[in-house]
Amino acid sequence: MNKLATLLLALLVLGAAPALAEEATTGVAWSTLDEPSQALLAGQKDRWDSLPPERQRAMAEGAKRWLAMDGVGRAQANERWQHWRSMTPEQRERLRKGWQRFRDLPPEKQEALRQAYQRFMDLPPERRDALRERWEQMSPEERRRALTRRQGSHPGTVDKRPCPPC
């Protein structure tokens, strides 16, 4: 890259830094929320200004997503929320860590896991229950061997053949 292009790139990056920093520290003013979002978040109005900026942004985005959902989507989201609330703090932390591990994977590995999950969900409920029970009864070493066997010779991919009895 020539010197001029490098200098322009550096100026663009440096010029964007204050804007990015400002975005990270500024929240969402209550008055900027549309009426449906304000109605949905009405219980937070009195303490809105004291919420951390990232929490304000998350709640504003969550309200937009909720308002865009149909009845089925809202019912599913409500069911997930109720499940989350019923979890212990340890279970929640384990779920957060697992989600972060998933997000840290390369896109192709994420897609392989999504496809494997979809194949699992396509199984009849009795078969899913049997597989889940078998997994829970395995020792950590048996689980490791089963995962290694399923990855086959190409880590990050999934062997689509049926799993042999463990």
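The values are calculated or read from the model by the stated rules, or taken from the named source; none is laboratory data. On a predicted model such as this, the values are computed, not experimentally measured, just so you know. Because the Cβ atoms are built from the backbone with ideal geometry, glycine has one as well, and the counts that use them run over all protein chains shown.
Note on the range 112-135: residues that are over 17 Å from residue 150 (Cβ atoms) and in a helix (DSSP H, G or I) total 4.
Residues checked against (1) in contact (Cβ under 8 Å) with a residue 40 or more places away in the chain; (2) under 22 Å from residue 133 (Cα atoms); (3) aliphatic (A, V, I, L, M):
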| site | (1), (2), (3) |
| --- | --- |
| 46 | no, no, no |
| 49 | no, no, no |
| 59 | no, no, yes |
| 71 | no, no, no |
| 87 | no, yes, yes |
| 111 | no, no, no |
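Residues in the range 82-125 that are within 24 Å of residue 66 (Cα to Cα) and more than 14 Å from the chain's Cα centre (by Cα) were compared, and the one that is surrounded by the most Cβ atoms within 10 Å (Cβ to Cβ) is 87.
Scanning the range 52-64 finds no residues that are within 30 Å of residue 147 (Cβ to Cβ), at pLDDT below 95 and surrounded by 11 or more Cβ atoms within 10 Å (Cβ to Cβ). Among the residues of the range 132-144, is any at pLDDT below 90, of a type outside the set (A, V, I, L, M, F, W, C) and under 21 Å from residue 99 (Cβ atoms)? Scanning the range 132-144 turns up at least one residue that is at pLDDT below 90, of a type outside the set (A, V, I, L, M, F, W, C) and under 21 Å from residue 99 (Cβ atoms).
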